[in-house]
Amino acid sequence: MVAPSRRGARHPLGVYPLGNALFDEGARQRRIDGLGSICQLSDELVLQLLRFFPAQGLGRCCCTSRTLRAFAGNEELWQTHCLSDLLPPAGDRDSKPHRLRWPRSHGGWRRAYANTILLEKHPDHSISASSDPQARIYSDVLYRGFYYVAAEFKDSWITGENLQRVNSRTLATHEFLDHFEKQSSPVILEGCAEHWPAMQRWSKDSLIEKFGRHIFAAGPCDIPLQELFAYAADNIDDAPIFIFDKYFAQRAPELLQDYEVPAVFRGRDLFDLLGEGRPDFRWLLIGGRFSASKWHIDPNKTCAWNAVVRGR
């Protein structure tokens with residue numbers, strides 16, 4: 001079971017699905033030799049134990065053996081340390097400054113942590129793009145996340161559509177109210193955003209040029225836009241983080257000039273009467289391939305509109 005992949009279908013630390021161990025006579029002994037006394041623990045418990053280690057401890061474990069490196073180099077472990085050690089909490093104006101420097105090739109949370117520390121000590125150097133030693137260890141626990149990100153979606157899975165599409169150019173507000181809003185029925189309004197300046201201005205290059213050093217909220221942390229784009233272009237996360245920012249109007253107010261509320265929603269938002277005391281009501285979302293919000297239920301009677309400027 002080897003999935004098609006953005007990186008040649010090989011786990012960067014030499015991890016393979018557990019079933020492949022049946023064809024490797026040395027698999028069991030390599031695990032015993034590589035893990036030592038903790039080889040008696042299940043793969044899940046080894047990972048759980050490593051969650052208590054600080055970043056420096058995980059780094060030392062990576063140098064102990066190729067087998068232990070496959071566990072201690074787990075991306076989820078290093079993501080936790082990068083988010084807590086190198087990035088400030090989302091929306092916290094008085095917190096520590098961001099430090100994360102995502103590597104521009106062969107990206108990953110472990111390499112990002114090492115790259116950040118290296119650049120702080122030696123600004124003229126960055127982490128090399130050399131490949132990691134291959135452990136050849138068999139573990140579904142370690143391989144699962146890589147399989148999810150390596151597998152390609154079939155076009156047929158996402159071509160189906162069951163939402164009605166309506167031409168917004170000819171849709172009157174009272175028609176929208178009667179046929180959709182009062183019925184709590186979702187609909188795709190075509191043509192709403194075609195005249196927005198954002199449709200021409202909001203490209204990756206232009207956003208980095210103008211807002212690259214601006215910070216935006218991504219999950220539990222704040223991250224500079226240029227680092228988010230570097231991360232989005234080169235990571236092996238099965239659930240990549242992405243910008244979901246309710247503070248963007250204060251952090252990059254120029255963006256507010258690049259779009260407007262569609263005509264069918266305009267002038268009917270009663271929360272406008274609350275002025276600055278109104279609840280959060282607008283967000284900026286920017287993410288790379290595979291980034292998406294998890295399944296969730298919005299509050300009762302949520303009436304929201306979303307517009308796609310790039311992507312699908």
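In table form, for the structure just shown:
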quantity: Number of the condition not met by ALA135 [criteria: (1) open to solvent by 80 Å² or more (accessible area, probe 1.4 Å); (2) over 19 Å from the mean Cα position of the chain (by Cα); (3) at pLDDT below 90]; calculated: (1)
quantity: Residues of segment 278-304 that turn out to be open to solvent by 60 Å² or more (accessible area, probe 1.4 Å) and touching a helix residue (DSSP H, G or I) at 6+ places or on another chain (Cβ under 8 Å), as a count; calculated: 6
quantity: Qualifying residue in segment 42-49 (condition: more than 27 Å from PRO220 (Cα to Cα) and either modelled with pLDDT under 95 or in a loop (DSSP other than H, G, I, E, B) (or both)); calculated: yes
quantity: Segment 226-253, residues that are among the polar types (S, T, N, Q) and open to solvent by less than 60 Å² (accessible area, probe 1.4 Å); calculated: GLN226, ASN235
quantity: Residues satisfying the stated conditions in segment 201-219, i.e. over 19 Å from PRO253 (Cβ atoms) and part of a helix (DSSP H, G or I); calculated: LYS204, ASP205
quantity: Residue that is under 30 Å from ARG251 (Cα atoms) and under 22 Å from the mean Cα position of the chain (by Cα), where the choices are ALA112, ALA55, ALA72; calculated: ALA112
quantity: Conditions (1) in contact with a His (Cβ under 6 Å, 6 or more places away or on another chain); (2) open to solvent by less than 40 Å² (accessible area, probe 1.4 Å); (3) not hydroxyl-bearing (Ser, Thr, Tyr); number of the one not met by LEU207; calculated: (1)
quantity: Tabulated pairs, segment 142-168, first open to solvent by 70 Å² or more (accessible area, probe 1.4 Å), second β-branched (Val, Ile, Thr) and assigned to a loop (DSSP other than H, G, I, E, B), C-beta under 6 angstrom, 6+ apart or interchain; calculated: GLN164/VAL187
quantity: Among (1) open to solvent by less than 80 Å² (accessible area, probe 1.4 Å); (2) in a loop (DSSP other than H, G, I, E, B); (3) without any contact (Cβ under 8 Å) to a residue 40 or more places away in the chain, the one test that ALA307 misses; calculated: (3)
quantity: From GLU227, GLU194, GLU260, residue being at negative phi and in a helix (DSSP H, G or I); calculated: GLU227
quantity: Single match in HIS81, HIS122 (criterion: crowded, with 19+ Cβ neighbours inside 10 Å and farther than 19 Å from GLN226 by Cα); calculated: HIS81
quantity: Residue pairs meeting the criteria (Cβ under 7 Å; at least 6 apart or on separate chains; first under 9 Å from CYS221 (Cα atoms), in segment 82-110; second in a loop (DSSP other than H, G, I, E, B) and open to solvent by less than 50 Å² (accessible area, probe 1.4 Å)); calculated: LEU87/LEU100; PRO88/SER95; PRO89/SER95
quantity: Yes/no for ARG169 being in a helix (DSSP H, G or I) and on the phi < 0 side of the Ramachandran plot; calculated: yes
quantity: Selection status of TRP109, touching a Cys at 6+ places or on another chain (Cβ under 8 Å), on the phi < 0 side of the Ramachandran plot and of a type outside the set (Gly, Ala, Ser); calculated: yes
quantity: Any hit, segment 112-134, residues being in contact with a Gly (Cβ under 9 Å, 6 or more places away or on another chain), touching a residue at least 24 places away in the same chain (Cβ under 8 Å) and among the polar types (S, T, N, Q); calculated: yes
quantity: Residue in segment 254-277 that is more than 18 Å from PHE244 (Cβ to Cβ), open to solvent by less than 100 Å² (accessible area, probe 1.4 Å), of a type in the set (Lys, Arg) and at pLDDT below 90 present; calculated: yes
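The values are calculated or read from the model by the stated rules, or taken from the named source; none is laboratory data. These figures come from a predicted structure and were not determined experimentally. Virtual Cβ from ideal backbone geometry, glycine too; neighbours counted across all protein chains shown. Note: accessible area is taken over every heavy atom of the protein model, side chains too, but ligands, DNA and RNA are not part of it. Shrake-Rupley method; radii C 1.70, N 1.55, O 1.52, S 1.80 Å.
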